Amino acid sequence: MLETTMGIAEMVLIISGLLFITKSVMQYGKRTSDWGGVVKMFYKRVGMDTAEYKWYRLGVSCFIVGVVVRIVNLTFWPV
């Protein structure tokens, strides 16, 4: 039961993290019309709005927690 719950939580966290990051990227692209800056966002600092940065930070946090849940899941219940 716990293994199934952890598997669902892992997928929900990873997918929601990716969706939040996509939302912040779309907001940045629409605001600046600089779609080339979207690629720079991952390796160089770009000027993000407060709302965009909050969505980006929330997405990265959810994604990292999802990866940690995946590692814990594989540690206790190896495939």
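The values are calculated or read from the model by the stated rules, or taken from the named source; none is laboratory data. Worth saying up front: this structure is predicted, and the values here are computed from it rather than measured. Cβ placement follows ideal geometry from the backbone for every residue including glycine, while neighbour counts extend to all protein chains displayed. With ligands, DNA and RNA removed, areas are computed over all heavy atoms of the protein, side chains included. Shrake-Rupley method; radii C 1.70, N 1.55, O 1.52, S 1.80 Å.
Share of Cα-Cα pairs in the chain beyond 19 Å, in percent?
When every Cα pair of the chain is considered, 44 percent fall beyond 19 Å.
Figure the gain on full extension for Met11 and Lys30 (residue separation times 0.36 nm, minus the Cα-Cα span) and round it to one decimal in nm.
4.0 nm
Kindly express, to the nearest 10 degrees and within the range 0 to 90, the angle between helix 2-32's C-alpha long axis and the longest C-alpha principal axis of the chain.
Once rounded, one gets 0 degrees.
Using DSSP loop states and a limit of at most 16 other Cβ atoms within 10 Å to flag chymotrypsin sites (Phe, Trp or Tyr not before Pro), what is the longest stretch of the chain containing no flagged site?
44-79
Please work out the FRET efficiency for the pair Val46 and Val68, using the Cβ-Cβ distance as r and a Förster radius of 35 Å; give the result to the nearest 0.05.
After rounding, the FRET efficiency stands at 0.80.
Could you do me a favour and compute the accessible area per residue for the chain, 1.4 Å probe, result in Å²?
For the chain, the solvent-accessible area averages 71 Å² per residue.
What percentage of the solvent-accessible surface of the chain, computed with a 1.4 Å probe over protein heavy atoms, is contributed by carbon and sulfur atoms?
About 69 percent, which is the carbon plus sulfur part of the accessible surface.
Any idea what angle helix 50-76 forms with the longest principal axis of the chain, computed on alpha-carbon atoms, 0 to 90 degrees, nearest 10?
20
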